[in-house]
Amino acid sequence: MKLHTAAILVILCLGIFTVRTVKGSAGSQSMLKATCVNLRTKQLSIRNLVGYEKHTQANAVIFITRNGIKICVSADQKWVQTAMKKIKEKLTAKRK
């Protein structure tokens, strides 16, 4: 009987700890934006890109693929400017 009671106490304590941890961490901290650490140098297939985010601090662009993968590239490359323009055109056409 003692073992059964101890097991129930452990489960209750873990449940309380989990609720406090989730409540405290999610409610008290703001979400951080993705930042670029490494920049990819190879050109990406524009067909697989569905969105992008500009990052002026690193002079970079984060492209978002169909699968939700975010890839950092240098904003100075010509193909990056072309890809951004085509993605913007796609998004504008979908809204109409």
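Overview of results
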{"quantity": "Segment Glu89-Asn48, length gained on full extension (0.36 nm per residue, minus Cα span)", "calculated": "13.3 nm"}
{"quantity": "Region 46-95, relative contact order in percent, only Cα pairs under 8 angstrom and at least six apart counted", "calculated": "28"}
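None of the figures in this text is laboratory data; all of them are computed from the coordinates on show. Every value quoted in this text rests on a predicted model; they were computed, and no experiment measured them.
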